[in-house]
Structures are given as structure tokens and as C-alpha cells.
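One structure is given here, and the rest of the page talks about it.
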Amino acid sequence: MLEERKLNPEVQTEVSNDVKKNYVIRQSIPYGYDLEEGQTVTIIVSTGKEQAEVPDVTGSKESKAKSSLSKKGFQIKTKEAYSDSVKEGLVIEQSPKGGKQADYGSTVTLTISKGAETKEVSVPSVIGKSLSEAKSILKEAGLSVGSASKEYSSRYEKGTIISQDPSKGTK
């Protein structure tokens, strides 16, 4: 457009958090001024928002991760999730991922481990069952036999379970 009017354009770029990338921020000579042919008009074009590299904070303690991200100028959002492989209080994942470029001041979402999910189960009764039956019943309930000992009982047949701890129904 400037060349059509026989003007000499000089393009410079500048970071702008207000003006979209590739749009003119300002020009050296205001619109409407009369210019002579060949005169130079400097236009400043936006390169977009300032960017920063997102630090990789996966595996870090939540407080350290937040500190690292804040120092780089990022906002932080957190959510929690259970993890069998990442200890409670550590960062499981982040978005955007570490090493990526993101707008300065943008939000990084951290997923913080709540540790392994513990499931509450009701202890089934295994009294009167054989040891192998008891192991199978407990395994099906998500439990295991801690220890077993032999004791005489006139009430139960040899090789059957006569008592258990914890008792049936314990959670």
C-alpha cells in the first residue's frame, strides 16, 4: 500500500500483549499527513504476546513447581488425581508440557498426585472354609492372608478356618 503511493516503507517488529501478531501497532507518520514521494514511513508490526519457555516441573513437589512457574511469569491452576506411581504431593503432569513456549502470564495447569487410591472393602467371613478357599475368597475381595496358624477345635473339621482377624464386615 505504501509502495503504491510511492513511499518507502521500513518495517520493524515489536512484542505486544495488546495487538495481535502481524498487525500494525503504530507508524512513524500519523494517518492523513501529506508526504513527498520516496519519503520513509516506519511501521511497527506486532510479533504477538511475549513468550516464555514453560519449565518442566513434573515429579516436583507442588510448592517448588508453583514457585518455578511463578518466577517465569505464569499463572497456576491445580487439580488432583490418584496415582499408583507418583507419590502424594508431587506433580503427575502439566499442561502445557515443559519445554514448550507459552504466552507470558498464561496459565499452566498442574495435576498433583493424591497418592495411590485406597479402596475400602468389607472383610468377608472365611470361618469354616479351607485355607485355599479362604485365600481365594480374600483375593477376590482385594485382600490377602496375613498369617495363618494351626489350633485345635472340637467344633470344626481339621484344616478349616476357626477364627479370623479382622472379623467379617470390618472395613
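Data for the structure
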{"quantity": "So Lys49, is it open to solvent by 80 Å² or more (accessible area, probe 1.4 Å), touching a strand residue (DSSP E or B) at 6+ places or on another chain (Cβ under 6 Å) and either under 30 Å from Ser95 (Cβ atoms) or not in a strand (DSSP E or B) (or both)", "calculated": "yes"}
{"quantity": "The one condition in (1) under 26 Å from the mean Cα position of the chain (by Cα); (2) without any contact (Cβ under 8 Å) to a residue 40 or more places away in the chain; (3) assigned to a loop (DSSP other than H, G, I, E, B) that Val57 fails to fulfil", "calculated": "(2)"}
{"quantity": "Qualifying residue in segment 114-129 (condition: open to solvent by less than 70 Å² (accessible area, probe 1.4 Å), small (Gly, Ala, Ser) and in a strand (DSSP E or B))", "calculated": "no"}
{"quantity": "Some residue of segment 101-113 being part of a loop (DSSP other than H, G, I, E, B), open to solvent by 50 Å² or more (accessible area, probe 1.4 Å) and free of Cβ contacts under 8 Å to residues at least 60 places away in the same chain", "calculated": "no"}
{"quantity": "Single residue of Lys97, Lys79 found to be of a type in the set (Lys, Arg), in contact (Cβ under 8 Å) with a residue 24 or more places away in the chain, part of a loop (DSSP other than H, G, I, E, B) and loosely packed, with under 13 Cβ neighbours inside 10 Å", "calculated": "Lys97"}
{"quantity": "Single residue of segment 29-44 satisfying the filter (of a type outside the set (Phe, Trp, Tyr) and surrounded by fewer than 10 Cβ atoms within 10 Å (Cβ to Cβ)) that is nearest to Asp18 (Cα to Cα)", "calculated": "Pro30"}
{"quantity": "Ile43 touching a residue at least 12 places away in the same chain (Cβ under 8 Å) and not in a loop (DSSP other than H, G, I, E, B)", "calculated": "yes"}
{"quantity": "Filter result (part of a helix (DSSP H, G or I), open to solvent by less than 90 Å² (accessible area, probe 1.4 Å) and not aliphatic (A, V, I, L, M)) within segment 134-161", "calculated": "Ser136"}
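The values are calculated or read from the model by the stated rules, or taken from the named source; none is laboratory data. Note that this is a predicted model, so its numbers are computed, not measured. Cβ: placed from backbone, ideal geometry, glycine included. Neighbour counts: every protein chain shown. Protein only, heavy atoms only, side chains kept; ligands, DNA and RNA dropped before computing areas. Shrake-Rupley method; radii C 1.70, N 1.55, O 1.52, S 1.80 Å.
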